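Only the coordinates and a few stated rules stand behind these numbers; no lab work does. Owing to the predicted nature of the structure, the values given are computational and were not obtained by experimental measurement. Glycine also receives a Cβ, built like all others from the backbone with ideal geometry; neighbour counts cover every protein chain displayed.
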Amino acid sequence: MMNERISQLFSDSIETARMAQEHLAERIEQAASMILEAYSCNGGVFVFGNGGSAADAQHFAAEMVGRCVRERRGLKAQALTANTSILTAISNDYDFELVFARQLEANASMNDVAMGLSTSGNSPNVVCALAKAREIGMKTIALTGRGGGRCAEFADILLDVPSDNTPRVQEVHMIVYHAICEIVEAAIADDATDAIEEDPSE
């Protein structure tokens, strides 16, 4: 019985990923291009979410600042979920709904990209942050479940996994942001290689 359940979980995850590939491939490419444009303008990415999505935000930022699969320069990315003093101060002094928006207000510029993760698409603090990003003039990306919820209104690019099952959505979110990382990384690394090859000083 347990083996049947495990097999079903794998099958469901694979099927959700297959549907997402058909649904999101073009938009994943657009999201990577948006982030590359930000880097070309000396901008970066601010990423945020709650619970498992907070862990995903930190995972994405770590791979952009460090690396995913290729050697290249470090890329500006910050997870707004990692500073407990900031998170608790804003929650205590203002409202938990503002924990990400306030950080964008303090640190972000119109050259940056805001990327919010919410499996439901309705997390109030993620919605609030995407709205603040729009106010600042930032480009916005939302990773959500089916339909995008309230996040859809504030997303320039909506990456909505076609599922209402939170674990399956989170599993595919990892594939999505890994794809974004690899596309961005390849472009940055290739540009650096071209620059070295064309260096007139050598």
### Message
Can you sort 34, 110, 64 from fewest to most other Cβ atoms within 10 Å of each residue's own Cβ?
### Response
110, 34, 64
### Summary
Rounded to the nearest whole number, the Stokes-Einstein translational diffusion coefficient of the range 1-91 at 25 °C and 0.890 mPa s (Kirkwood radius, C-alpha pairs) in µm²/s is 155 µm²/s
### Task
Apply 1/(1 + (r/R0)^6) to the Cβ-Cβ distance of residue 27 and residue 106, taking R0 = 35 Å, and write down the FRET efficiency to the nearest 0.05.
0.75
### Message
Given the C-alpha atoms of the chain, compute the convex hull and give its volume per residue in Å³.
### Response
136 Å³
### Task
Go ahead and run the numbers for FRET between residue 135 and residue 7, Cβ-Cβ distance against an R0 of 41 Å, rounding to 0.05.
0.30
### Task
Find the centroid of the Cα atoms in the range 155-183 and in the range 68-147, then give the distance between the two in whole Å.
16 Å
### Message
With n ≥ 4 as the cut-off for DSSP H runs, can you work out [θ] at 222 nm for the chain, using -39500 (n - 2.57) per run divided by the number of residues, rounded to the nearest 500?
### Response
-19500 deg cm²/dmol
### Query
Applying 1/(1 + (r/R0)^6) with R0 = 25 Å to the Cβ-Cβ distance of residue 164 and residue 91, what FRET efficiency is obtained, to the nearest 0.05?
0.30
### Query
Counting Lys +1, Arg +1, Asp -1, Glu -1, what net charge surrounds residue 107 among other residues with beta carbon under 13 Å of its beta carbon?
+1
### Query
Charges only on Cβ, +1 for Lys and Arg, -1 for Asp and Glu: so what's the dipole of the range 13-103 about the Cα centre, in debye to the nearest 20?
420 debye
### Task
Step through the residues of the range 95-108 one at a time and calculate ³J(HN,Hα) from phi using the Karplus curve (6.51 cos²θ - 1.76 cosθ + 1.60, θ = phi - 60°), rounding each to whole Hz and writing x for Gly and Pro.
6, 4, 4, 9, 4, 9, 4, 5, 5, 5, 4, 7, 10, 9
### Task
Taking only Cα atoms and a 10 Å spring cutoff, compute GNM fluctuations for the chain and point out the largest among 117, 24, 159.
24
### Message
Need one number: % antiparallel among DSSP beta bridges in the chain, to the nearest 5.
### Response
0 percent
## Note on the structure
About its Cα centre, the range 23-190 carries a charge dipole, from +1 on Lys and Arg Cβ atoms and -1 on Asp and Glu Cβ atoms, whose size in debye to the nearest 20 is 140 debye
#### Entry: For the range 55-72, Karplus couplings with θ = phi - 60° (6.51, -1.76, 1.60), whole Hz, Gly/Pro x
4, 5, 4, 5, 4, 4, 4, 4, 6, 6, 6, x, 7, 9, 10, 10, 6, 5
### Taking 158, 130 and counting other C-beta atoms within 10 Å, the order from fewest to most
158, 130
### Query
Taking amide H positions as placed 1.01 Å from N in the peptide plane, with prolines and chain starts having none, which residues 5 or more places from residue 160, or on another chain, fall under 5 Å of its amide H?
144
#### Entry: Per the chain, cysteines lacking a partner by the 4.7 Å Cβ criterion
41, 128, 151
### Message
With 10 angstrom as the radius, rank 112, 164, 156 by how many other C-beta atoms surround their C-beta, starting from the fewest.
### Response
164, 156, 112
